[in-house]
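Take a look at the structure below.
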Amino acid sequence: MAPGYMSTEFYNGESSSTVDEINGLDLSLTAMAFYRYPLMSMLDSNLVLPLDDHETRDHKRLKRTPSIPDDIGNNCNSDSRDGEISRSGSTGSLISLRRLQFRDHIWTYTQRYLAAEAAEEEAAAAAAIGANSAEEDGSADGMRLVQLLIACAEAVACRDKSHASALLSELRSNALVFGSSFQRVASCFVQGLSDRLSLVQPLGTVGFVAPTMNIMDTAFEKREEALRLVYELCPHIQFGHFVANSAILEAFEGESNVHVVDLGMSLGLPHGHQWRQLIRSLTDRPGQPLKRLRITAVGLFVEKFQSIGDELEEYAKDLGLTLEFSAVKSDLENLRPEDVKTFDGEVLVVNSILQLHRVVKESRGALNSVLQIIHELSPKTLVLVEQDSSHNGPFFLGRFMEALHYYAAIFDSLDAMLPKYDTRRAKMEQFYFAEEIKNIVSCEGPGRVERHERVDQWRRRMSRAGFQVAPIKMVARAKEWLGKNNVCEGYTVVEEKGCLVLGWKSKPIIAISCWKC
């Protein structure tokens, strides 16, 4: 386990024997059957974790039967349920009872395995984060900050307001907005933990107060400026545009009547940078000239989209290309196939830049509905660009550790690109990345929209929806693009099972994949 993880330094009320028991847990699979939930045994007697929303699991859960008493694991786990003993007294209940008990044991062992797996990942992430931050600060301060953050997250998860408040007070004095990269990212997580703490109910109660904040509550102008700076200074979105356009050009090869459906219009970035590049490439391509290009933007900001579309139509006209732009006012969850007008003989592609994770909900229903609608449009290619990190797991602490590791890498890259007191960096961190962090850490239910998932999970989701991967084979060109655009040294590009992943010092940041019906 990571140094300081669950240490007595942060749990003043716990006996040393209890903490030693936690630190000495054997998390091997063979030992799993003899433990209750790993990392939770010290919490069994008097603490309760908040009830997180029931998110999509990577595994198929067996449905529990309320007629069997919960003899194992009814502690801090948010997935536990109170059992009831059936009083039906029907004949033949013995056989039924044995079957249900066996199924219940299978469910219990599945939960133990998942809890242990999450614990191992959290411990490894904590060790990596602590090592990086300590190396950066040149002292034990970085490790101390990691330990404080983890201890505070655990206290918030257990709704221990007094302990969490004390830790937050110490964190605020150490997590500086203009400090080292890890101090700066820690300050964003402190904001998220503070917001979450103010929303949870006291110990002994059940549930989680629905937050009222949303990432769109931030002053729109400041967030829009921060997004523009992220696009200009970080390679994340530009790289996604480059790979997406390459896939779209390949799908349009030899075609004269083409149509792009853009979900979210690249987050509403001004001037339509992605489509300017595509229009230029289409006009420069050899062979059969393009007769008509159609672009349909889908989202709620139709006025803004239409303004961008007008600019694009003028730009295409100057290059001798006919462009027809239209906008559909609808969020993705309410989109219908008839909202997107298609014509016979045209080749259709769908483009999604950092959008589909917003419709990943507690159940698969919302995302499945969107993917089904896209499938009904029969696109030749669906381009999917998403953050490559697991911020939608079933446990709050797991999500917290994943997010801490992910955004620590991003803030480290910003350190390498911009001077310490550059106001542009501060704007990106506080008005763009910090808003994502706070949404991941402090929100639950419909309010939590930054539900990023790893590319492997997207692969499973897309496969279930009837899509097949269309491998992207352009690693050499992608690396050449990084050099041509003077991207900061430290960024890497790898191919992973047909997808391209942009990372910072081996930590995945953005994944691009292509799909066909």
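The values are calculated or read from the model by the stated rules, or taken from the named source; none is laboratory data. Predicted model, so just to flag it, every value in this text is computed and none were measured. Here Cβ is always computed from backbone atoms with ideal geometry, including for glycine, and neighbour counts include all displayed protein chains. Heads up: the accessible areas ignore ligands, DNA and RNA and are worked out on the full protein's heavy atoms, side chains in. Shrake-Rupley method; radii C 1.70, N 1.55, O 1.52, S 1.80 Å.
Quick check: net charge around Gly240, other residues with Cβ under 13 Å of its Cβ, Lys/Arg +1 and Asp/Glu -1?
Working: positive: none; negative: Asp262, Glu386, Asp388.
Here the charged neighbours net out to -3.
With a/c under 1.5 counting as rounded, go ahead and sort region 435-517 into rounded, prolate or oblate using the C-alpha gyration tensor (a ≥ b ≥ c being the square roots of the eigenvalues; past the cut-off, prolate if a/b is larger than b/c, else oblate).
Details: a/c = 2.96, a/b = 1.21, b/c = 2.43.
Cα axes put region 435-517 in the oblate bin.
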Packing rank of 143-149, 264-270, where each peptide gets the mean count of other beta carbons within 10 Å, highest leading: 143-149, 264-270
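How much length would be gained if the chain were fully extended between Leu300 and Asp344, taking 0.36 nm per residue of separation minus their Cα-Cα distance, in nm to one decimal?
Fully extending the segment from Leu300 to Asp344 adds 13.1 nm.
With all distinct Cα pairs included, what does the Kirkwood hydrodynamic radius of region 329-427 come out to in Å, to one decimal, could you say? Intermediate values should be presented prior to the final figure.
Details: mean 1/r = 0.0598 Å⁻¹.
The answer is 16.7 Å.
FRET efficiency for Ser256 and Ala416, Cβ-Cβ distance as r, R0 = 51 Å, nearest 0.05?
Numbers: r = 45 Å, r/R0 = 0.88.
Plugging the Cβ-Cβ distance into 1/(1 + (r/R0)^6) gives 0.70.
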Square roots of 5 times each gyration tensor eigenvalue, C-alpha, region 352-397, largest first, Å: 23, 14, 6
Note, ³J(HN,Hα) from phi for region 450-463, Karplus 6.51, -1.76, 1.60, rounded to Hz, x at Gly and Pro: 7, 9, 5, 9, 6, 4, 4, 5, 4, 4, 5, 4, 5, 5
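Where does region 260-351 land on Rg(C-alpha)/(2.2 N^0.38 Å)?
On the way: Rg = 13.1 Å, N = 92, 2.2 N^0.38 = 12.3 Å.
Its radius of gyration relative to the 2.2 N^0.38 Å reference: 1.06.
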Range of Cα positions in region 154-198 per principal axis (Å), largest first: 30, 15, 15
Amide H contacts under 5 Å for Phe467, placed H, 5+ residues apart: none
Debye log10 I(q)/I(0) for region 364-517, one point scatterer per Cα, at q = 0.09, 0.14, 0.16, 0.21 Å⁻¹: -0.34, -0.82, -1.04, -1.36
Sulfur and carbon atoms: percent of accessible area, region 457-517 [1.4 Å]: 51
